[in-house]
Every structure is written in C-alpha cells, then in structure tokens.
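Note sheet for the following structure.
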Amino acid sequence: MHQKEAAKRRKRRVIFTNVLVVLTIVLLAGILVLYTMGYRLNRSLTLEQKGLLRVNSYPTAAQVLLNGTPSGRRTAARLELGEGNYLIGVSKAGYDLWERSVTMQAGSVVWLDYVLLLPQLITTEAVVNLPEENWSRLSGDRNTWLIAALGAPDHFTVVDLARNNVTELTHRIPLDPARNETLNLTLVDLSDDGMQAIIKREAVTTGTRPQNTKTKVSYYLVELASGKATELPLLAGRAWTEAKFADSFYLLDQSDNLWLYDGALENERHVAADVTRVQRYGAQLYLTTRAKDDGLYQAWLYEPNGDRRLLLSREQNFAWDLTVYMGDTYIVAADERELLAGKITEEERQVVAETGFSALPELLVSARMVVAASEGSFVSYDLETEQVTPYQPNLDWLGGWLAEGVLYGWQDGELVIVDFDGYNRRVGTAMREASPVAETAGHYLYYLIDGATTPELRRFRL
C-alpha cells in the first residue's frame, strides 16, 4: 500500500514537472516572439511595441545621431525606436554629415544601408594621360578601362582600376597599309571581364576619282593580356548595328535580327527577329521585340539552350531591366506614364508609380532600388519598403549608381552626388560630362578631365 502511494506521488511529480517545463517553454517562446516583434517594457512597466532601425555606412564605425544627439551607437548600428518621426544623422571625423528623416512605426524595420559618407576634403591624383583625340571604354565589371588614340595606333592603354595598374599593350592587328591606303582602328566592344576586345579595322584606299575609293572592313578579337589578335570573318560578312560579348557574343543586324555566336566567334545561331533592344546578363539574353501583326512590344528571356520565355507585353515602347532582391528576381519596366515592377515568377506586373515623363525614361536598377530617370528628374522605387519618391535633382545629366541608394550626375561640368530621395547632395570635382565613373573595390572614383595639354584620367578615394 505504501509502495503504491509512493508510485502515485512520483507519477504526479513527473506530470507536474513536465507541465512546468512545457509552460516554461511556451512562456519563453512567447517572450521571444514578442521580443522579435519589437515589444519592450517601458518605464511604466507596460508592453510597448517599437520599430527597428538598422544603419550601415561606408566607411564604417561612424557615429549615429538621433535628432542631432549622439546615440552611442556606431555603424553598423541597430536601434529600437518608438513610433514617431526622427532625424537620423551619421557622422565621422573628416567626412560630411549625412542626414535624413525617418518615420518609425510599431513593429516596422527600416534599413539605412546605403549611407555613403563623402570626405570634406577631396584630394585627386592623376592616373594616366590620354591622347588628345581618343576613344575609351569601361568594362562591364567596371575594373578595366581600355584607351587608344584615334587612327591606327600600334598600342592600347589598359588601366586596371582595381589594382591601379597602367600598362601599354602592343597589339598584333596588322598595320601595314598599302599604297594610297589609310587605316583606322575603332573599338566595337570590351568584354565584361576586361580580358578581350573586339576591334574594327577599316582600310580606305583612295583612288584618282571619288568612285574609285574603296573601303575594306575586318574585325579582330584581341586578348588584352598578350595582344594576340584573331580575325573574325563572320562579323565582316554581316551588316549590323550593335554587338556585345562576354562568354558568348551577340549581334543585332540592320534588319533587326538577333544572332548569337559561340565563345570562339566561329558558329552563329539566329535567335529572334524584329528585335528593338537587347541586354545581356551572364549567359542569358533579355530582348524586346515588336510584333508586326498586333504592334505589341514584348520582353523575352532567352536561355543558352535556346529556350525563351515571355516576360511582359505592352502596347507602347518601354524600358526594362531585372534586379535580384532577397533571393527574388524582379522585372521592372517603365514608359512615359508608368513604372511597373513584379517578380519574374508572376504574370501580373504591378504599377508602382506614375512617371509623367514626355519621353521614354532610362532605368537605373540596383540590388534594391529602381529609378526611372528622364528630363533632369527621376522617380525611385524601393523594393523593400515599396516607397515611391519623385525627385528633381537639378542635374544636367544623370550618370547612374555610385553605391546602393546613391546616384551621380553632372551639373555645370561638375560631378554631383545625390541620394535617391534628395536628402544629401554634394558637388565633387570638375570633370568631363558623360565621363565613365567607376567605383572599384577600394571605393575610388575614376573620371576624365581636360588637363593642361592632354586629357587626364584622375581618381579620388571616397
């Protein structure tokens, strides 16, 4: 009898202990859920749901200011704030103060991960002098700049922006003009990785009469490491308007047919007809066609295996691009009236903003931001917050992204850096308008300027 009673007590203790453990786990899980949702005990010991603000900057370890007062946090910083409007500042010695207003809501998460601090004193340095008359091209990865004098130079200048290395490359394109013949070399395209270039060689033979003047055009693939040149007879045999290459090569001819070549540029394949625009993303091609029967403009995704997929149809011409945010690939498009965005897996594209331009805008797309720019103004769209911001930065021309959420352009011959929402603006240095600007791994800006005698390639560090 005594043993049975002891067994019952042990069983009750086990049940009680298990129930207590379960209740403790449930309580802790509830507290954790409330904590992750931003709930905190305030001074009156009641629960208050706050918002989370994350601030990151380049350079890092900058002081975060809250309504003009130091918060005690440095970037990358995490602040829990109650509902309301706040003036967020980011400050570091030797750099301009960065500020913007933020509205916090209960349970919201706001990212300020695009803070780019600009030095108060910009010190520039020369990289290389350019020929007075020249052509140049920046590679797709923005790390290589190829420069050459007009005419038929026997060497090219290759600037490795990532390593700040300048080399003179002696190429092997034939430069042996015949009698009464003049040669001209021009750059068709520079590969995305800056390792190869396609050069057009044009030989003009002048006769005694104008009708006797003849022009012979040939194309060469030049390896920028060795100068080796390989003639490309397929390109010379087709009249074309646009050509680009990376691992493979595509060509848009004058009849709006798109052709794809292999890496050796020996075999070609017809991709599509009635093509109005082509873009390349790695091995994939994205193209716009105009159907002759119904006049619709259509955006297509073309895979290396030949498969293609319709992404978007519009009744009028549009600009479009792709971006990847948090693992989702978005297609964004804009015409004079509307800006659209939607996941590539979805059929419907949501109109996210009214553009109100009188001309087709240019699309600038980063990992998170979309900007439709035209006529000195732009409309931005944040894929995360879905915030739409119209802005007129008073620029002569908008160049493109400098960093996430930071744009550059020109005003009165000077580089101007602006945030997408217009909160921060900085005039940099005098430069050539439409000069290529490259932000390398070391956060350098490279740009062209008219020097005392010849053009110069200069740089300064952000």
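The values are calculated or read from the model by the stated rules, or taken from the named source; none is laboratory data. Since we're looking at a predicted model, the values are computed, not measured. Cβ atoms come from the backbone with ideal geometry, glycine included; neighbour counts cover every protein chain shown.
Each residue in segment 366-379 was checked for being surrounded by 19 or more Cβ atoms within 10 Å (Cβ to Cβ) and part of a strand (DSSP E or B), and 8 pass.
Restricting attention to segment 390-402, the residues that are surrounded by fewer than 18 Cβ atoms within 10 Å (Cβ to Cβ) and either of a type in the set (Val, Ile, Thr) or within 19 Å of Ala441 (Cα to Cα) (or both) total 1. None of Tyr261, Tyr302, Tyr281 is at pLDDT below 85, buried (at least 19 other Cβ atoms within 10 Å of the Cβ) and out of contact with any Gly (no Cβ under 9 Å at 6 or more places or on another chain) except Tyr261. Taking strands (runs of 3 or more DSSP E) as the structural unit, those lying wholly within segment 244-342 and holding at least 3 residues that are in contact with a strand residue (DSSP E or B) (Cβ under 9 Å, 6 or more places away or on another chain) and of a type in the set (D, E, K, R) correspond to 308-314. May I ask you to verify whether Leu339 is crowded, with 19+ Cβ neighbours inside 10 Å, in contact (Cβ under 8 Å) with a residue 24 or more places away in the chain and farther than 19 Å from Gln387 by Cβ? Judged against the criteria, Leu339 is not a match.
Tallying residues that are under 26 Å from the mean Cα position of the chain (by Cα), among the hydrophobic types (A, V, I, L, M, F, W, C) and surrounded by fewer than 19 Cβ atoms within 10 Å (Cβ to Cβ) within segment 143-174 yields 2.
On the basis of being loosely packed, with under 15 Cβ neighbours inside 10 Å, closer than 30 Å to Ala61 by Cβ, of a type in the set (Ser, Thr, Tyr) and not assigned by TED's automatic domain parsing to the domain that holds Asp421, does Thr123 make the cut? The answer is yes for Thr123. With respect to the conditions (1) on the phi > 0 side of the Ramachandran plot; (2) surrounded by 14 or more Cβ atoms within 10 Å (Cβ to Cβ); (3) among the hydrophobic types (A, V, I, L, M, F, W, C), Leu311 lacks only one, and its number is (1).
If you take just the strands (runs of 3 or more DSSP E) that sit entirely in segment 97-152, which of them hold at least 2 residues that are under 30 Å from Asn67 (Cβ atoms) and not charged (D, E, K, R)? Where strands (runs of 3 or more DSSP E) fall fully within segment 97-152 and carry at least 2 residues being under 30 Å from Asn67 (Cβ atoms) and not charged (D, E, K, R), they are 98-104, 109-116.
In segment 175-194, of all residues being without any contact (Cβ under 8 Å) to a residue 40 or more places away in the chain and assigned to a loop (DSSP other than H, G, I, E, B), the one that is nearest to the chain's Cα centre (by Cα) corresponds to Leu175. Sort through Gly140, Gly194 and tell me the only one that's buried (at least 18 other Cβ atoms within 10 Å of the Cβ) and either within 19 Å of Val437 (Cα to Cα) or in contact with a Pro (Cβ under 7 Å, 6 or more places away or on another chain) (or both). From the options Gly140, Gly194, the qualifying one is Gly194.
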